[in-house]
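Report on the following structure.
What follows is calculated from the coordinates using simple rules that are stated; it is not laboratory data. For clarity, every value in this text was computed on a predicted model and none was experimentally measured. Cβ placement follows ideal geometry from the backbone for every residue including glycine, while neighbour counts extend to all protein chains displayed.
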Amino acid sequence: MTKQHRPAQNAVHSTPSRQPAMPLPVTLSSDVAGRPVSRRVMLRGLGALALLGTAAGAGLPLATSARAAAATGTLTIPTLLESTTDSTGTLVYTLAMQAGTTEILSGVSSETAGFNQAFLGPAIKVTKGDTVQMDITNNLSAVSTVHWHGAHIPPSVDGGPQNTIEAGATFSPSFEINQDACTLWFHPHALTTTAEQIASGLVGMLIVDDDSAGAAALPNDYGTDQFPLIIQSLPISSAGAILSTTAGLLARTTSFPLLVNGSNVGVDGTPTLTVDASRVRFHILNASITDIITISVSDGSSFTQVASDAALLSAPLSVTSLQLVGGERAEICIDVTSAAAVTLQATVTAGGARGGSGTSQIVTITSTATSAAASLPDSLATFTALDVSSPAATRTIALSNSGNTMYINGVAGISMTAMEASDIMTTLGATEVWTITNATGLTHSFHLHDVPFQVQTIDGDKPTGAYAEWKDTILIGPNSTNVIAMQFTDYADNDYYYMLHCHNAIHEDEGMMAMLMVMSS
């Protein structure tokens with residue numbers, strides 16, 4: 001197969017800058033006012049009736065059918081960004097990358113950045129089948145990109161290093177939401193500045209819904225029973241400088257406060273959330289640039305995981321803890337009534353040269369509901385294992401390092417030229433099996449753009465729990481071997497690349513990144 005030239009960087013991003021956007025107020029948005037009832041809403045109603053019937057048959061008290069009120073409390077809830085609709089039916093969202101200042105340490109001002117505000121960004125909620133356009137204006141002083149992490153979209157709009165947006169320019173990628181319900185996020189992905197720009201606050205959540213019965217059975221009213229939890233172990237100096245290099249992690253004056261939706265829980269206290277619902281769904285993102293987060297309930301009780309980062313699970317999974325590496329997401333449900341509050345906590349483990357530690361409470365949920373939620377269905381989605389008996393290709397993805405220089409297959413991916421010389425070429429429809437070897441004594445967070453994958457083995461053992469189903473970001477332990485399989489579907493492009501890399505963003509910036517081209521022939 002013949003590889004064509006790749007487009008020059010920045011070639012499509014010459015739109016003049018708009019005026020800087022004003023920060024959006026942190027408010028909640030309704031997504032149903034004045035719109036026709038969708039199949040998803042109808043399914044949700046039918047699902048609710050079925051669940052009520054199940055509860056009644058079991059002799060459980062039934063919750064009222066009245067719509068619950070919006071949640072209250074001190075937990076910051078990201079704005080649900082509203083769209084406009086153009087003449088073709090495309091949903092248009094407007095995002096402005098902008099600088100600001102934020103008090104992260106008590107009494108200390110830090111230079112930060114965000115989407116439509118000074119720090120972090122809004123949530124965007126879409127449905128499978130939607131066509132969206134993201135109007136992104138870069139009001140920063142530096143070049144950037146916006147990558148749709150976990151999205152199954154063409155590489156020309158994926159937001160990798162080929163999709164750079166110059167300072168003052170606007171990029172308006174348009175794509176179809178072509179995957180089932182899951183939790184995605186968006187963040188910069190420019191060469192050697194990813195850690196700096198993510199740490200500064202350029203992070204937002206993209207929630208995908210669908211019309212399945214499994215999705216309809218889960219809490220889905222944003223701000224009422226459905227909430228993002230964006231968790232960051234953030235390296236910061238005593239003077240308030242946000243740090244994003246190995247040297248910064250190692251500096252004596254660096255601390256690692258734990259932030260939940262932008263709030264420092266060590267300064268502001270445990271966020272509170274009061275709901276009318278008897279079941280709450282959290283979309284959890286570990287947005288730390290290096291550290292590992294483990295979620296649990298403070299009293300050690302179990303909770304329910306309903307989705308990995310790439311899809312709803314085939315069945316609800318009862319767990320007592322949930323570990324997330326940088327860039328990894330999960331969805332959980334917490335059942336709560338007026339009888340007792342539930343407090344979630346996060347334990348931080350250093351994922352880089354130095355990092356955070358300890359356990360902090362991240363939210364206490366109380367409810368006015370007096371009746372228990374009905375049981376979740378036994379099945380949420382259909383999971384089908386890939387046929388890997390005759391893969392189109394088997395590859396080794398070798399992770400290694402020399403000091404603070406990181407490599408994939410012996411190449412430090414800090415420039416397009418370096419990565420292009422060692423790129424991976426595949427074809428549309430191919431199923432491949434990759435063996436990821438880690439010759440370092442370091443922990444890595446492996447992420448593949450374009451398609452989710454299935455973990456085959458971890459050091460020779462079959463995966464368990466959510467790791468046994470669809471994933472797009474996984475922990476790679478020190479000196480370990482992980483085998484994954486994937487199929488490249490829907491999108492081919494002989495000019496634009498997808499990326500594969502470590503989502504310890506400092507490791508990525510130090511070179512642990514490579515390029516993948518899916519070709520039509």
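Per-structure values
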quantity	calculated
For region 343-475: rounded, prolate or oblate by the Cα gyration tensor [a/c cutoff 1.5]	oblate
Distance from region 372-414 to region 422-500 (C-alpha centre basis), Å	3 Å
Packing-based ranking, highest mean first, of 386-397, 506-517, 331-342, 94-105 given that Cβ atoms within 10 Å are counted	506-517, 94-105, 331-342, 386-397
At 1.306 mPa s and 10 °C, Stokes D of region 102-188 from Kirkwood alpha-carbon radius, µm² per second	111 µm²/s
Sorted largest first, extent of region 71-218 alpha carbons per principal axis (Å)	48, 41, 28
For Leu258, net neighbour charge (Lys/Arg +1, Asp/Glu -1) across residues whose Cβ lies under 14 Å away	-2
Given charges at Cβ of Lys, Arg, Asp, Glu: region 404-521 dipole, positive-most of Met515, Trp434, Ala505	Trp434
The chain - Debye-derived log10 I(q)/I(0), Cα point model, q = 0.09, 0.12 Å⁻¹	-0.61, -1.14
Within the chain: Cβ-based charge dipole about Cα centre, in debye rounded to nearest 20 (Lys, Arg +1; Asp, Glu -1)	480 debye
Approximate spin-label separation Ala430-Leu386, in nm, with each point projected 7 Å along Cα-to-Cβ	1.2 nm
Tensor-based shape of region 168-272 (alpha-carbon gyration tensor, a/c under 1.5 rounded, otherwise prolate or oblate)	oblate
Gain upon complete extension [Asp495, Thr464; 0.36 nm per residue less C-alpha separation]	7.4 nm
Of Pro271, Thr245, Gln232, farthest towards positive along the dipole that unit charges on Lys, Arg, Asp, Glu beta carbons give region 207-292	Thr245
Between 0 and 90°, nearest 10: helix 39-57 axis offset from the chain longest Cα axis	50 degrees
Cα-centre dipole for region 374-521 with unit charges at Cβ (Lys and Arg positive, Asp and Glu negative), debye to 20	340 debye
Gain upon complete extension [Ser321, Ser172; 0.36 nm per residue less C-alpha separation]	49.7 nm
Contour minus Cα-Cα distance for Thr370 and Asn409 (0.36 nm per residue)	8.3 nm
HN-Hα J in Hz across region 463-471 - Karplus 6.51, -1.76, 1.60, θ = phi - 60°, x for Gly and Pro	x, 10, x, 5, 5, 8, 10, 5, 9
Isotropic mean projected area of the C-alpha convex hull, region 402-466 (nm²)	6.1 nm²
Placed amide H near Asp490: partners under 5 Å, 5+ positions off or other chain	Gly429
Built amide H within the under 5 Å cut-off of Gln456, gap 5+	Val483, Ile484, Ala485
Derived scalar couplings ³J(HN,Hα) [region 160-176; Karplus, 6.51 cos²θ - 1.76 cosθ + 1.60; whole Hz; x for Gly, Pro]	x, x, 7, 9, 5, 10, 5, 4, x, 9, 10, 10, 10, x, 10, 7, 8
Using alpha carbons only: equivalent-ellipsoid semi-axes of region 277-358, gyration tensor based, whole Å	24, 16, 9
Ranked packing of 411-418, 268-275, 255-262, most packed first, by mean Cβ within 10 Å	255-262, 268-275, 411-418
Counting all C-alpha pairs of region 333-377, share separated by more than 13 Å (%)	65 percent
Order by protection proxy (mean Cβ within 10 Å, highest first), peptides 71-79, 246-254	71-79, 246-254
Two-decimal ratio, region 409-521, of alpha-carbon radius of gyration to 2.2 N^0.38 Å	1.05
Gyration tensor verdict on region 361-409 (Cα atoms; rounded if a/c is under 1.5, prolate if a/b is larger than b/c, oblate otherwise)	oblate
